[in-house]
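Asks: Dumping the structure here so I can ask a few things about it.
A short reminder: the numbers here are calculations on the coordinates, not readings from a lab. Keep in mind that this is a model prediction, so the values were computed, not measured. FYI the Cβ positions are ideal-geometry reconstructions off the backbone, even for glycines, and counts take in every protein chain you see.
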């Protein structure tokens, strides 16, 4: 089982894809809580060059609430990470975590339905690109 699902776009800029996935996530009820710019961080902390790469921390509050009510430590796996990265050929890849895969180690049946619904919403957002 893959721990993510993805899509690669060939005719969009990095910033355009950030905007597109942010909007697609919004349409599925997600907001972006965090944005980590790996390229800038690696340059600042390690003085190395790295391609454009951002980690978006996406959260759908109603589902996060349900998950936390079912399992109070599940916050260690929140928010749902979505990456946008520049590929060597100039295309842009978007990948989202599969919540089913990330929660396999959690033995709580109440989470299964929640994780499936979140996975479906994330997959629709990525496929919308």
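Asks: Roughly how many Å is it from the Cα centre of segment 48-120 to that of segment 1-32, as a whole number?
Replies: The two parts, judged by their Cα centres, are 13 Å apart.
Asks: In segment 4-127, what is the volume of the convex hull around the alpha carbon atoms, normalised per residue and reported in Å³?
Replies: Numbers: hull volume 13.3 nm³, N = 124.
Convex hull volume per residue, Cα atoms: 107 Å³.
Asks: Now, a different point. Does a label point 7 Å from the Cα of residue 69, set along Cα-to-beta-carbon, have any residues of segment 87-129 with amide nitrogen under 15 Å, and which are they?
Replies: Label zone hits: 110-115.
Asks: With everything on Cα atoms, drop me the angle between helix 14-27 and the longest principal axis of the chain, reported from 0 to 90° to the nearest 10.
Replies: On a 0 to 90 degree scale, this one is about 20.
Asks: Taking the 0 to 90 degree range and rounding to the nearest ten, how far is the long axis of helix 110-127 tilted relative to the main principal axis of the chain, both from C-alpha atoms?
Replies: Taking Cα atoms only, the helix is inclined about 30 degrees.
Asks: Given points 7 Å out from each Cα along the Cα-Cβ axis, report the residue 55 to residue 2 separation in nanometres with one decimal.
Replies: 2.0 nm
Asks: Per DSSP H run of at least 4 residues, take -39500 (n - 2.57); add these up for the chain, divide by its residues and hand me the 222 nm value, nearest 500 deg cm²/dmol.
Replies: Numbers: 5 runs with 55 residues, N = 129.
One gets -13000 deg cm²/dmol as the mean residue ellipticity at 222 nm.
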